[in-house]
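Peer 1: Input: one structure, supplied below.
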Amino acid sequence: MPELRVGAQQLQVALQTNLLDALLAGGVAVPYSCRAGSCHACLVRCVEGEPQDLQPEALAADKRAEGWRLACQCRVLGDLQVEPFDPQRDGLAARVVDLDWPSPQVLRLRLQPARPLRYRPGQHLLLWSEQGVARPYSLASVPGEDDWLEFHIDCRLPGAFCDAARRLQVGDGLRLGELRGGALHYDADWQTRPLWLLAAGTGLAPLYGLLREALRQEHQGAIRLLHVAHDAAEHYLASELQVLAAQHANLQVELVTAAQLPAALAELRLVSRQTLALLCGHPKTVDSFARRLYMAGLPRSQMLADVFLTRT
């Protein structure tokens, strides 16, 4: 049986055992959330040996070169020594500089990192609570325009990170983990193309950043933003979006509830084959967006989608 070593701890594990399962069974406190290679909470660094990696493309080449692997996507094939990601050692310190509740269930969190962080709108950042809980969140801020990193945290359901986030106060510390690119981005070459932004819930967070980036770059094409929420009270950025729409004649904002969504989607009409669509939210809602856009004549290649997996 292969030997799995973590610090001074030695574990005997069965061949082909999932690395995350082996670590958890041995009492090693490795955070995890999605188990699908998306959240990146279960990062470990291979010190000796190499596991079978079922999703090598999930990590950037430089991270892999440093020995980092996603424990949930690896199987133990031989003797292996690993070090779990330590937010105190491997993460970047950050401080809460502002927080508010734009709706009863959404926390808008603004952080100041200990050193400047280079990022692009649409990217994700892993946040670590003081209790050692890690979750990825999309950046809603715009580099060069905002002096903070902004995140929109859906606190409708109880969860380890959400419960900790509810207790945060200005001045509290968090640790920042891996920064990575999602499917969403804004390209300067899109200047004259119609742009559709379709978001569900806090899937609005990255699209809010990308919208402001497009406007900052003086996007010339028409921009249509549709936000779907459970009810009207959960359109948590309604006032900010309405201000932007009043300032930019090429921006149209539509706020619909879940009950109104089928009718709103049925009314979508493609006005240009050059249209690009950015979609974000719960997988089922994003799928409904994509299916309607495809039926309206928009090629799949002109849709960029990011889905939010359920977190606890």
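The values are calculated or read from the model by the stated rules, or taken from the named source; none is laboratory data. Model, not experiment: these values are computed from the prediction. Positions of Cβ are generated from backbone atoms using ideal geometry, with glycine treated the same way; all protein chains shown enter the neighbour counts. Side chains are part of the model used for accessible areas, which takes the heavy atoms of the whole protein and leaves out ligands, DNA and RNA. Shrake-Rupley method; radii C 1.70, N 1.55, O 1.52, S 1.80 Å.
Peer 1: Is the range 228-240 home to any residue that is hydroxyl-bearing (S, T, Y), more than 21 Å from P116 (Cα to Cα) and in contact with a His (Cβ under 6 Å, 6 or more places away or on another chain)?
Peer 2: no
Peer 1: What do you reckon, is A214 in contact with a helix residue (DSSP H, G or I) (Cβ under 7 Å, 6 or more places away or on another chain), under 26 Å from F289 (Cα atoms), crowded, with 19+ Cβ neighbours inside 10 Å and among the hydrophobic types (A, V, I, L, M, F, W, C)?
Peer 2: Details: in contact with a helix residue (DSSP H, G or I) (Cβ under 7 Å, 6 or more places away or on another chain): no; under 26 Å from F289 (Cα atoms): yes; crowded, with 19+ Cβ neighbours inside 10 Å: yes; among the hydrophobic types (A, V, I, L, M, F, W, C): yes.
No; evaluated as a whole, the condition is false for this residue.
Peer 1: If a residue has to be polar (S, T, N, Q) and farther than 14 Å from L197 by Cβ to count, how many in the range 264-289 make the cut?
Peer 2: The number of residues fulfilling the criteria is 3.
Peer 1: Let me ask you something else. All but one of (1) within 26 Å of the chain's Cα centre (by Cα); (2) assigned to a strand (DSSP E or B); (3) more than 20 Å from L179 (Cα to Cα); (4) not charged (D, E, K, R) hold for V47; which doesn't?
Peer 2: The failed condition is (1).
Peer 1: Return yes or no: is G203 open to solvent by 20 Å² or more (accessible area, probe 1.4 Å), closer than 30 Å to W68 by Cα and in contact (Cβ under 8 Å) with a residue 24 or more places away in the chain?
Peer 2: Values: open to solvent by 20 Å² or more (accessible area, probe 1.4 Å): no; closer than 30 Å to W68 by Cα: yes; in contact (Cβ under 8 Å) with a residue 24 or more places away in the chain: yes.
So G203 fails the test.
Peer 1: Of the numbered conditions (1) assigned by the TED database to the domain that holds G7; (2) farther than 21 Å from G37 by Cβ; (3) not hydrophobic (A, V, I, L, M, F, W, C), D172 satisfies every one except a single condition; which is it?
Peer 2: It fails just one condition, (1).
Quick grid of which residues meet (1) surrounded by 14 or more Cβ atoms within 10 Å (Cβ to Cβ); (2) in the same structural domain as A134 (by the TED database); (3) modelled with pLDDT of 95 or more:
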residue	(1), (2), (3)
N18	yes, no, yes
A29	no, no, no
Y32	yes, no, no
R35	yes, no, no
C46	yes, no, yes
Q55	yes, no, no
A58	yes, no, no
K63	yes, no, no
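Peer 1: Give the residue, chosen from L24, L20, L11, that is in contact with a strand residue (DSSP E or B) (Cβ under 6 Å, 6 or more places away or on another chain) and not in a loop (DSSP other than H, G, I, E, B). Let's see the steps before the verdict.
Peer 2: Numbers: L24 fails: in contact with a strand residue (DSSP E or B) (Cβ under 6 Å, 6 or more places away or on another chain); L20 fails: in contact with a strand residue (DSSP E or B) (Cβ under 6 Å, 6 or more places away or on another chain).
The unique qualifying residue is L11.
Peer 1: Of the residues L24, L70, which single one is surrounded by 14 or more Cβ atoms within 10 Å (Cβ to Cβ), in contact (Cβ under 8 Å) with a residue 24 or more places away in the chain and not basic (K, R)? Before you say what the answer is, go through the steps one by one.
Peer 2: Details: L24 fails: in contact (Cβ under 8 Å) with a residue 24 or more places away in the chain.
On inspection, the qualifying residue turns out to be L70.
Peer 1: When you scan the range 78-139 for strands (runs of 3 or more DSSP E) that lie fully inside it, which ones turn up with 2 or more residues that are open to solvent by 30 Å² or more (accessible area, probe 1.4 Å) and not aliphatic (A, V, I, L, M)? Steps first, answer last, please.
Peer 2: Details: elements: 80-84, 92-103, 106-113, 124-128, 134-138.
Filter on the range 78-139 gives 80-84, 92-103, 106-113.
Peer 1: Answer yes if at least one residue in the range 108-122 is within 30 Å of A8 (Cα to Cα), free of Cβ contacts under 8 Å to residues at least 60 places away in the same chain, outside the structural domain of L19 (by the TED database) and within 15 Å of the chain's Cα centre (by Cα), and no otherwise.
Peer 2: no
Peer 1: Separate question: So for the range 97-107 (the condition being more than 20 Å from G182 (Cα to Cα) and hydroxyl-bearing (S, T, Y)), does at least one residue qualify?
Peer 2: yes
Peer 1: In the range 57-79, how many residues are under 19 Å from the mean Cα position of the chain (by Cα) and either farther than 18 Å from L24 by Cα or among the aromatic types (F, W, Y) (or both)?
Peer 2: 5
Peer 1: Identify, from the list A266, A232, the residue that is surrounded by fewer than 16 Cβ atoms within 10 Å (Cβ to Cβ), modelled with pLDDT under 95 and touching a strand residue (DSSP E or B) at 6+ places or on another chain (Cβ under 7 Å).
Peer 2: Just one listed residue meets the conditions, A232.
Peer 1: Please count how many residues of the range 277-298 are open to solvent by less than 50 Å² (accessible area, probe 1.4 Å) and free of Cβ contacts under 8 Å to residues at least 24 places away in the same chain.
Peer 2: Residues that pass the stated criteria total 1.
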